[in-house]
Amino acid sequence: MPIRLYDSLSRETKTLQAYHPDGVFRFYNCGPTVYAPAHLGNLRTFIINDVLCRLLELEFGADKVKYVRNLTDVDNKTIKRAREEGRPLAAVTKQWTDKFHADCDALHCLRPHIEPTATGHICEQIDMINMLMKNGNAYRVADGSIYFKVSSFNNYGKLSRLKERELQFGSALAGKPQTNSTDGKEDSTDFVLWKTEKPEDTGNAWESPWGRGRPGWHIECSAMSKKHLGDTIDLHTGGEDLLFPHHENEIAQSECCNHQLFARHWYHSKHLLVDGAKMSKSLGNLYTLDDLIAKGFSPMAVRYALLAAHPRKQLNFTIDSLHAAESALKILRNFRANLSASSSVRGAFAPAIHALEDDLNTPGAFGALFTTINCHTSKPEAKSFDHALFALGLDLRAPVSVKAEAPAEVTSLAQKRWAAKMASDFSAADAFRKELTAAGWAMLDSKDGYKLEPARK
Ligand code: AMP
Ligand code: ZN
């Protein structure tokens, strides 16, 4: 069956197709900002995209899908973190990129085919901004920064339907320039393409035709997508918060630069709530994978629980859902152990795949799996079962309990100690080390940073 998926642009469910003559399906997913561990919401989005990638590989063939997911390794958040910790930006982003990879591996997510970084594509971003300046879509303000001129792109708002909504209120998009900004923007909806270097950037800046600075966030995805997938891609995805302004701005930049349609299909998954509330540090409900491993749950149960609700519906995560996921995995493991390759009912698990092909209906796929398990009198063949499990990315051989890495409180203590040490506040640094020792962790310092290890008894 072809894969049908909701398209946020047309607001219709449409068949996914590889439009390029080489038959390769071009897929871009906005990746993480690497300055802290990914939280459960981020992980849900990446797991959903992993199922999508697996399904695409089954449909088009593994060598006919090109999956690009970027790493945002320079922006306000990454620079702030490096500044607070007194460490080089590259050391901070490498630490959190490695952690992100470790989490994704534990959750059995396939690596994207290409994982480009913003700092590795400064020239491509400058080239694109240059083109936008030449085309009259961008302008320079007094401090040297460059902004995209939203009114120069007629289709601005086509994804978020902003124009329709804003027209009712007679805003800038309806033709009335509105600005009260101090940054010199011509209109409040204009967004930054290049930021002139500021002292708080602590030297994280690159040479450009407009002086030293760094790219704005939105331009990185337009530039990396163009470089690795070409001017028009088949599918662009991300969490629902990215639809506006990030994806709207990507469309504006790419279409004004390339004069081609940017993406044929857009998909946005819904956010995750924890115990019915938005995740936040102050509510104490912002879980990382390590937090859940420390509570004794397996990464596979986390994956299962994060896929249990429809990706286009909000998922209300609870610790109880992890207990249910562990029980479901136990049933699946027992069932698999008793299957023989020569059993008779072929393709019995196809309904699970069909559910995924029908707008990525993950709860429907789980339902179909268990219906087959419960209803078949003769044993279905192992191949069909494994096929369905591959699509969902469930690895039944994965360890049931995993050695915990440093929990979030410990990494936070370590960061505070390092910042104190860098600020030569040695008494505060010693106090944090004592707290780390009490928590059972040792911090090993080196020239560029530190490593955390369980303390020797
Ligand atoms: P970030 O690292 O903040 O750039 O986010 C990485 C991805 O996680 C993006 O696709 C976001 O849309 C997504 N995301 C952020 N918060 C949540 C959430 N609470 N639930 C689901 N996805 C989220
Ligand atoms: Zn992006």
So with the 1.4 Å probe, I'd like the accessible area per residue for region 187-334, rounded to whole Å².
37 Å²
Once the Cβ-Cβ distance between Arg212 and Asn334 is put in as r, and R0 is 41 Å, what FRET efficiency do you end up with, to the nearest 0.05?
0.10
Please compute the per residue accessible area over region 18-161 with all protein chains in place, 1.4 Å probe, rounded to a whole number of Å².
36 Å²
List Thr97, Thr13, ordered by accessible area with a 1.4 Å probe, largest first
Thr13, Thr97
Roughly what % of DSSP beta bridges within the chain run antiparallel, to the nearest 5?
50 percent
Please work out how much length the chain gains when fully extended from Asn135 to Glu453, using 0.36 nm per residue of separation minus the C-alpha to C-alpha distance, in nm with one decimal.
109.1 nm
Quote the relative contact order of the chain in percent (integer), defining contacts as alpha-carbon pairs under 8 Å separated by 6+ residues.
17 percent
To the nearest 0.05, what FRET efficiency results for Thr202 and Ala324 with a Förster distance of 51 Å applied to their C-beta separation?
0.65
State, as an integer percentage, the relative contact order of region 355-446 based on alpha-carbon contacts under 8 Å between residues 6 or more apart.
16 percent
Dipole size in debye (nearest 20) for the chain around its Cα centre, Lys and Arg Cβ +1, Asp and Glu Cβ -1?
660 debye
Can you put His121, His323 in order of accessible area, largest first, using a 1.4 Å probe?
His323, His121
Distance in nm between pseudo-label sites at His101 and Lys77 (7 Å out along the Cβ direction from Cα):
2.1 nm
Treating only the Cβ atoms of Lys and Arg (+1) and Asp and Glu (-1) as charged, compute the dipole magnitude of region 207-286 about its Cα centre; round to the nearest 20 debye.
220 debye
Heavy-atom accessible area of Lys270, protein chains in place, probe 1.4 angstrom, given in Å² to nearest 10, is 80 Å²
Cysteines of the chain without any disulfide-compatible partner (other Cys Cβ under 4.7 Å) are Cys30, Cys53, Cys123, Cys221, Cys256, Cys257, Cys375
Let me check I've understood the local charge: for Met1, count other residues with C-beta under 9 angstrom from its C-beta, Lys and Arg +1, Asp and Glu -1. What total comes out?
-2
First check a/c for region 1-51, with a ≥ b ≥ c the square roots of the eigenvalues of its C-alpha gyration tensor; if it is under 1.5, answer rounded, and if not, answer prolate when a/b is larger than b/c or oblate otherwise.
prolate
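Percent of accessible area on region 1-107 owned by carbon and sulfur, 1.4 Å probe?
C and S atoms contribute 51 percent here.
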Leaving out ligands, DNA and RNA, and with a 1.4 Å probe, what % of the accessible surface on region 199-269 is carbon or sulfur?
53 percent
Give me the distance between the Cα centres of region 261-325 and region 30-95, rounded to whole Å.
16 Å
Where does the chain land on Rg/Rh, using Cα atoms and the Kirkwood Rh?
1.00
Counting only protein heavy atoms and leaving out ligands, DNA and RNA, the solvent-accessible surface of Tyr19 at a 1.4 Å probe, in Å² to the nearest 10, equals 110 Å²
For Met279, solvent-accessible area (1.4 Å; no DNA, RNA or ligand), Å²:
30 Å²
Exposure rank, largest accessible area first [Asp50, Asp445, Asp241, Asp63; 1.4 Å]
Asp63, Asp241, Asp445, Asp50
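Send over the Kirkwood Rh of region 24-115, from the inverse of the averaged 1/r over different Cα pairs, rounded to one decimal Å.
Computed over Cα pairs of region 24-115, the Kirkwood hydrodynamic radius comes out at 14.0 Å.
The values are calculated or read from the model by the stated rules, or taken from the named source; none is laboratory data. As the structure is a prediction and not an experimental result, all values here were calculated from the model. Note that we place each Cβ from the backbone using ideal geometry, even for glycine, and neighbour counts take in every protein chain shown. In case anyone asks, the SASA skips ligands and DNA or RNA and just uses the protein heavy atoms, side chains included. Shrake-Rupley method; radii C 1.70, N 1.55, O 1.52, S 1.80 Å.
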